[in-house]
């Protein structure tokens with residue numbers, strides 16, 4: 001197929017690469033052309049705007065940073081849904097607002113274009129290994145058509161309901177991740193202060209009831225002092241903000257999520273907005289007077 005791809009960041013580059021390796025013809029646009037260089041070196045075609053990508057593709061995928069970025073690449077003057085768009089389907093894989101997913105769905109429908117919201121979970125590791133969880137909202141028949149492409153990028157793919165349902169599912173995912181991350185970071189900080197080997201603690205607890213993707217994948221990064229992003233702190237703050245707003249609109253109180261968001265804002269204030277979510281460990285460590293396990 002002729003596939004358009006918008007956004008080649010920490011996850012997007014790997015995801016598009018899997019489609020390319022599967023034999024699909026990739027057209028690409030991203031804010032920084034050099035971020036797409038590996039795809040271009042392997043035969044992808046560069047275009048200067050999302051609109052141009054949409055005129056040279058049957059289906060366009062996007063995965064960018066923030067809802068305002070999604071708004072711009074779809075609805076902007078050079079956006080995917082420009083009046084000259086000839087693509088048949090658009091799939092936004094950004095974690096974004098459910099309400100925006102519905103707006104895009106309706107705007108696309110007016111142009112005779114199908115739309116899916118399909119946010120993902122699994123971070124950089126899941127993207128690289130094509131093991132992402134993909135949660136999808138939109139028409140079921142459109143989902144069925146796109147499913148073979150999703151299966152190239154992920155291992156756990158599920159149709160969740162009409163437009164916006166994929167995004168609502170991702171909000172539930174992020175609420176759970178928030179609670180898990182504070183547990184992982186506090187547990188490892190406690191273990192360190194009690195004189196335990198943090199990796200040894202991870203090795204035993206991950207086999208029991210406390211096991212989780214976060215402790216198994218991000219815990220070892222904390223042990224090694226690796227706070228590089230698999231998923232940016234600033235993007236996680238964005239996601240938690242969306243979830244809190246959606247909860248407020250239905251009168252739902254989520255005090256645990258609100259607390260974790262405040263702690264991540266502290267992480268950002270400490271200069272770690274572009275670090276990985278495991279950098280929460282640094283904020284908790286600072287709150288407790290420092291004493292990094294990586295400084296001896």
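Points to keep in mind about this one:
- Residue in the stretch 167-183 that is farther than 21 Å from residue 243 by Cβ and surrounded by 14 or more Cβ atoms within 10 Å (Cβ to Cβ) present: no
- Some residue of the stretch 110-124 being assigned to a helix (DSSP H, G or I), at pLDDT 95 or above and in contact with a strand residue (DSSP E or B) (Cβ under 9 Å, 6 or more places away or on another chain): no
- Residue satisfying condition, being within 23 Å of residue 119 (Cβ to Cβ), in a helix (DSSP H, G or I) and either free of Cβ contacts under 8 Å to residues at least 40 places away in the same chain or more than 26 Å from the chain's Cα centre (by Cα) (or both), within set 179, 241: 241
- Residue 54 passes every criterion in (1) part of a strand (DSSP E or B); (2) out of contact with any helix residue (DSSP H, G or I) (no Cβ under 8 Å at 6 or more places or on another chain) apart from (1).
- Flag for residue 43 being in a loop (DSSP other than H, G, I, E, B), without any contact (Cβ under 8 Å) to a residue 12 or more places away in the chain, surrounded by fewer than 24 Cβ atoms within 10 Å (Cβ to Cβ) and over 20 Å from the mean Cα position of the chain (by Cα): no
- Tabulated pairs, the stretch 250-264, first over 13 Å from residue 181 (Cα atoms), second in a helix (DSSP H, G or I), C-beta under 8 angstrom, 6+ apart or interchain: 253/247; 254/175; 254/243; 254/244; 254/247; 258/244
- Just one of the numbered conditions (1) in a loop (DSSP other than H, G, I, E, B); (2) touching a strand residue (DSSP E or B) at 6+ places or on another chain (Cβ under 7 Å) is not true of residue 209: (2).
- Filtered residues of the stretch 109-126 (kept if surrounded by fewer than 23 Cβ atoms within 10 Å (Cβ to Cβ) and within 17 Å of the chain's Cα centre (by Cα)): 121, 123, 124, 125
- Screening residue 129 with (1) closer than 23 Å to residue 17 by Cα; (2) touching a residue at least 12 places away in the same chain (Cβ under 8 Å); (3) surrounded by fewer than 18 Cβ atoms within 10 Å (Cβ to Cβ) gives one miss only, at (2).
- Just one of the listed residues (106, 52, 58) is over 22 Å from residue 149 (Cβ atoms) and not assigned by TED's automatic domain parsing to the domain that holds residue 172, namely 106.
- Filter result (part of a helix (DSSP H, G or I) and surrounded by fewer than 18 Cβ atoms within 10 Å (Cβ to Cβ)) within the stretch 72-88: 72, 75
The values are calculated or read from the model by the stated rules, or taken from the named source; none is laboratory data. As the structure is a prediction and not an experimental result, all values here were calculated from the model. Here Cβ is always computed from backbone atoms with ideal geometry, including for glycine, and neighbour counts include all displayed protein chains.
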